[in-house]
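Q: Have a look at this one.
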Amino acid sequence: MRYDFNKIEKKWQDYWAKHQTFKAVNNSDKPKYYVLDMFPYPSGAGLHVGHPLGYIASDIYARYKRHKGFNVLHPQGYDSFGLPAEQYAIQTGQHPRITTEENIKTYRRQLDQIGFSFDWSREVRTSDPNYYKWTQWIFIQLFNSWYNNQSNKAEDISELIKIFEAEGNTNVDAACDEDTPNFTAEEWKAFSDVEKQEILLKYRLTYLAEAEVNWCPALGTVLANDEIVNGVSERGGHPVIRKKMTQWSMRISAYAERLLQGLETIDWTDALKDIQRNWIGKSVGAQVEFNVIQSESEESHTISVFTTRPDTIFGVSFMTLAPEHELVSQITTPEQKAEVEAYVEATAKRSERDRMADVKTISGVFTGAYAEHPFTKEPIPIWIGDYVLASYGTGAVMSVPCGDQRDYDFAKHFGIPIPNIFEGVDISEEAFADKENTIITNSDFLNGMNYKKATKRAIYELEQLGQGEGKTNYRLRDAVFSRQRYWGEPFPVYYKDGMPQMIDAQYLPLTLPEVEKYLPTETGEPPLGNATKWAWDTKTNKVVSNDLCHAEPVEASQHNGVYPLELNTMPGWAGSSQYFNRYMDPHNDEEIFSQEAINYWKQVDLYIGGSEHATGHLLYARFWQKFMFDKGLVPVDEFAKKLINQGMILGTSAFTHRIWINYGDYNTINKYV
């Protein structure tokens, strides 16, 4: 009997849709089980083969759990903000919302044809204002929070203000900017309102700061590291340069240790855990301060260096700064200026990923300046080299050619002296020996010590000099959260006296305005700069015409209360950092989710998706979950108990040859079986 799959599948798919067979309830006597796939971006091409690869696996398990008597939540939705829709809008003039809606229709039809057991009653779309209202809400919560290192959690910014008013910030142990000044309670009270806001930005978990970013001139936007391939944009293959811009950032670095320790509590693949551990990059060592040698007429400068091997400080024969380091332009001598500027410009065209991967090319330029060795007081030449990254450590290294291969290669290439402080080690060898058990020689007070003893002694002596201290460092850097795009979540932010102010949560969502074109403005502003109605009236709490904004600062008593809105939008990972929780109560207009729903489902029991999201979505989602846990919004601080990577489909077929046979020719079938 022939299996008429078209007829049978259609019959049951219609039945499931009519009777909502796979609809989950938020309370049940049955044990709960939450199965989730990473939701797709609805591209114009429709589903690709990688989507059902993971969806089929999760669907089989969801059906199995239902048959075993579980109340199964297996939702689906769309990660519907993104650069591809905006690029299509630029090319065609069609609003991204229209193309996104059409693409979603295609995806839904294809998913239904496959017959997945999704609970479509809980569908979410990140570009739906009813959804991104809560993404904006979380942004506001982050803005109004700081990280208390003593309690090891996020706390309300109002508590920090109380501390400042009572005793200043001298005794505050918080995650904050390194250049945060110390002040007393009296000084805090004497600050102007703008000065207080500037100080608070140095503590907030989302903040404005100047940052080195991957800027793509052709696309007119900042790109994340995972959006760059071989130095060009993944979308369109356009050149990408490093550029300093004022951006919104997320202080994910405050959660570095908790993100690291949390990996021990979840059942994720070892490979993915290792990727995150390496990305977080915990290192224990010392912060060392090198004074730049200058004439009496010059301003004094200090170069901070983090090193995991302070015991090798007597092997330092030069220093290397990242080309983007802020001191490069200040310490470079006039004789070296032209060569240094040319090198900095050339390096800006290379991505950090390319620079990290390139271990063969040796390039650098001498600044003409020297630093003073903390102990020997000898002058140390200061170079710049693209193998040092501004975003890693302090953007500067004390180069020890007898203890590091790249430093050794650099020194050999440029003829820099290579002192040997290790007994019995041939530093001319291509591969360096393990020096942890090697005795140090020719290094004053560290003579005869092994790695552990010498490290402790070096840190002690640096502390006595006031030029260093023991420190734990993390490779993880705060995440840039601004994008110069149209098709993304608008920031719920307006600017008063140049300082960011949050729109009250009761007036959310702040929806995207209409614009004539989706390119940056002629003056280089993001696409939202093309909007003519994009200002916030603080009296009516509505979006109004830009013409109502005052062109120049005016007295507060004469101000009409209308201020410009933020022109950047949020990145693609914003909406995907909380969608798994929103699925639990997706139609709640009063709160992000009810406590009944979140306390019932708690977390994802089985999450399936690609390992390529390890240092993007998965790390950011863990960060947001831990923050929401600190604020008492969720009952657990890890959003997914178990995660499985579905693997990748390769281009090579497993078939060696095919044999075509007649359906009814049983003799032929038997012959080849």
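The values are calculated or read from the model by the stated rules, or taken from the named source; none is laboratory data. Computed from a predicted model, the values in this text were never measured in an experiment. So basically every Cβ, Gly included, is an ideal-geometry build from the backbone, and we count neighbours across all protein chains shown.
Q: If you scan the stretch 477-505, which residues turn out to be part of a loop (DSSP other than H, G, I, E, B), of a type in the set (Phe, Trp, Tyr) and farther than 18 Å from Ala209 by Cβ?
A: Tyr486, Trp487
Q: Could you pull out the residue among Lys133, Lys105 that is closer than 30 Å to Leu47 by Cα, surrounded by 15 or more Cβ atoms within 10 Å (Cβ to Cβ) and out of contact with any Phe, Trp or Tyr (no Cβ under 7 Å at 6 or more places or on another chain)?
A: When all the criteria are applied, what remains is Lys133.
Q: Oh, and also: Is there a residue being assigned to a loop (DSSP other than H, G, I, E, B), small (Gly, Ala, Ser) and touching a residue at least 40 places away in the same chain (Cβ under 8 Å) anywhere in the stretch 54-69?
A: Scanning the stretch 54-69 turns up no residue that is assigned to a loop (DSSP other than H, G, I, E, B), small (Gly, Ala, Ser) and touching a residue at least 40 places away in the same chain (Cβ under 8 Å).
Q: Filter the stretch 549-587 down to the residues that are assigned to a helix (DSSP H, G or I) and in contact (Cβ under 8 Å) with a residue 40 or more places away in the chain, then identify the one that is surrounded by the most Cβ atoms within 10 Å (Cβ to Cβ). Walk me through how you get there before you give the answer.
A: In the first step, residues of the stretch 549-587 are kept if they are assigned to a helix (DSSP H, G or I); the result is 556-558, 573-576, 579-582.
From the residues that got through so far, the ones that are in contact (Cβ under 8 Å) with a residue 40 or more places away in the chain too are 573-576, 579-582.
On the way: Trp573: 22, Ala574: 24, Gly575: 28, Ser576: 24, Tyr579: 24, Phe580: 22, Asn581: 25, Arg582: 22.
Ranking the qualifying residues of the stretch 549-587, first place goes to Gly575.
Q: For the stretch 334-351, give me the residue count where each residue is surrounded by fewer than 19 Cβ atoms within 10 Å (Cβ to Cβ) and either in contact with a Phe, Trp or Tyr (Cβ under 9 Å, 6 or more places away or on another chain) or under 19 Å from Leu389 (Cβ atoms) (or both).
A: Result for the stretch 334-351: 7.
Q: Looking at the stretch 5-31, I want the residues that are closer than 26 Å to Ile598 by Cα and have a partner that is among the hydroxyl-bearing types (Ser, Thr, Tyr) with Cβ atoms under 6 Å, at least 6 apart or on another chain. Which pairs are those?
A: As it stands, the answer is Phe22/Ser117; Lys23/Ser121; Asn26/Tyr600; Asn27/Tyr600, since those pairs meet every condition given.
Q: Determine which single condition Gly364 fails, assuming it passes every other condition in (1) small (Gly, Ala, Ser); (2) touching a His at 6+ places or on another chain (Cβ under 9 Å); (3) touching a residue at least 60 places away in the same chain (Cβ under 8 Å).
A: Single failed check for Gly364: (3).
Q: Please go through the stretch 70-112 and pick out each residue that is among the polar types (S, T, N, Q) and either touching a residue at least 24 places away in the same chain (Cβ under 8 Å) or under 28 Å from Ala640 (Cβ atoms) (or both).
A: Step one: filter the stretch 70-112 for residues among the polar types (S, T, N, Q), giving 71, 76, 80, 87, 91-92, 94, 99-100, 103, 106, 110.
Within the stretch 70-112, Asn71, Gln76, Ser80, Gln87, Thr99, Thr100, Asn103, Thr106, Gln110 qualify.
Q: Restricting attention to the stretch 588-636, and to residues there that are polar (S, T, N, Q) and in a loop (DSSP other than H, G, I, E, B), which single residue is nearest to Pro571 (Cα to Cα)?
A: If we take residues in the stretch 588-636 being polar (S, T, N, Q) and in a loop (DSSP other than H, G, I, E, B), then Thr615 is nearest to Pro571 (Cα to Cα).
Q: When the stretch 403-421 is examined, which residues are found to be touching a strand residue (DSSP E or B) at 6+ places or on another chain (Cβ under 7 Å) and over 18 Å from Ile384 (Cβ atoms)?
A: The one that is touching a strand residue (DSSP E or B) at 6+ places or on another chain (Cβ under 7 Å) and over 18 Å from Ile384 (Cβ atoms): Ile421.
Q: May I pose another question? If you check Glu159 against the conditions, is it without any contact (Cβ under 8 Å) to a residue 40 or more places away in the chain and either under 20 Å from Leu259 (Cα atoms) or part of a helix (DSSP H, G or I) (or both)?
A: yes
Q: From Gly44, Gly115, Gly82, grab the single residue that is in the same structural domain as Ile608 (by TED's automatic domain parsing) and more than 31 Å from the chain's Cα centre (by Cα).
A: Gly115 is the lone residue from the list that is in the same structural domain as Ile608 (by TED's automatic domain parsing) and more than 31 Å from the chain's Cα centre (by Cα).
Q: Another question, if that's okay. On the basis of being in a strand (DSSP E or B), of a type in the set (Ser, Thr, Tyr) and buried (at least 19 other Cβ atoms within 10 Å of the Cβ), does Thr246 make the cut? If you could, list the steps in order and put the result at the bottom.
A: Working: in a strand (DSSP E or B): yes; of a type in the set (Ser, Thr, Tyr): yes; buried (at least 19 other Cβ atoms within 10 Å of the Cβ): no.
No, not satisfied.
Q: Another question about this same structure. Within the group Ser127, Ser158, Ser151, which residue is assigned by TED's automatic domain parsing to the domain that holds Ser80 and of a type in the set (S, T, N, Q)?
A: That would be Ser127, the only listed residue that is assigned by TED's automatic domain parsing to the domain that holds Ser80 and of a type in the set (S, T, N, Q).
Q: Right, another one. Identify the residue in the stretch 202-231 that is over 19 Å from the mean Cα position of the chain (by Cα) and either of a type in the set (A, V, I, L, M) or in a helix (DSSP H, G or I) (or both) and, among all such residues, is surrounded by the most Cβ atoms within 10 Å (Cβ to Cβ).
A: Going through the qualifying residues, I end up with Leu219.
The rows are residues; the columns are (1) in contact with a Ser or Thr (Cβ under 9 Å, 6 or more places away or on another chain); (2) modelled with pLDDT under 95; (3) farther than 22 Å from Pro500 by Cβ; (4) basic (Lys, Arg).
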{"site": "Ile157", "(1), (2), (3), (4)": "yes, no, no, no"}
{"site": "Ile161", "(1), (2), (3), (4)": "no, no, no, no"}
{"site": "Phe164", "(1), (2), (3), (4)": "no, no, no, no"}
{"site": "Asp173", "(1), (2), (3), (4)": "no, no, yes, no"}
{"site": "Glu187", "(1), (2), (3), (4)": "no, no, yes, no"}
{"site": "Ala190", "(1), (2), (3), (4)": "no, no, yes, no"}
{"site": "Glu198", "(1), (2), (3), (4)": "no, no, no, no"}
{"site": "Arg204", "(1), (2), (3), (4)": "yes, no, no, yes"}
{"site": "Ala209", "(1), (2), (3), (4)": "yes, yes, no, no"}
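Q: Out of all the residues in the stretch 110-122, is one or more of a type in the set (D, E, K, R) and closer than 26 Å to Glu234 by Cα?
A: no
Q: Answer yes if at least one residue in the stretch 278-301 is at pLDDT 90 or above, over 28 Å from the mean Cα position of the chain (by Cα) and in a helix (DSSP H, G or I), and no otherwise.
A: Within the stretch 278-301, none of the residues are at pLDDT 90 or above, over 28 Å from the mean Cα position of the chain (by Cα) and in a helix (DSSP H, G or I).
Q: Do we find that Asn152 is more than 30 Å from Gly529 (Cβ to Cβ) and among the polar types (S, T, N, Q) in this structure?
A: yes
Q: Just one of (1) closer than 20 Å to Glu489 by Cβ; (2) within 24 Å of the chain's Cα centre (by Cα) trips up Glu591, so point out which.
A: Going through the list (1) closer than 20 Å to Glu489 by Cβ; (2) within 24 Å of the chain's Cα centre (by Cα), Glu591 breaks only (2).
Q: Given (1) touching a helix residue (DSSP H, G or I) at 6+ places or on another chain (Cβ under 7 Å); (2) closer than 24 Å to Glu590 by Cα, identify the lone condition not met by Gln141.
A: Only one criterion in (1) touching a helix residue (DSSP H, G or I) at 6+ places or on another chain (Cβ under 7 Å); (2) closer than 24 Å to Glu590 by Cα is unmet by Gln141, namely (1).
Q: Considering the stretch 320-336 alone, what residues qualify as being under 15 Å from Gly393 (Cα atoms) and in contact with a Ser or Thr (Cβ under 6 Å, 6 or more places away or on another chain)?
A: Of everything in the stretch 320-336, those that are under 15 Å from Gly393 (Cα atoms) and in contact with a Ser or Thr (Cβ under 6 Å, 6 or more places away or on another chain) turn out to be Thr320, Pro323.
Q: Please indicate, with yes or no, whether at least one residue in the stretch 284-294 is farther than 30 Å from Glu378 by Cα and buried (at least 17 other Cβ atoms within 10 Å of the Cβ).
A: No, every residue in the stretch 284-294 fails to be farther than 30 Å from Glu378 by Cα and buried (at least 17 other Cβ atoms within 10 Å of the Cβ).
Q: Based on what the data block shows, is Ser28 assigned to a loop (DSSP other than H, G, I, E, B) and farther than 22 Å from Val124 by Cα?
A: Yes: the conditions hold for Ser28.
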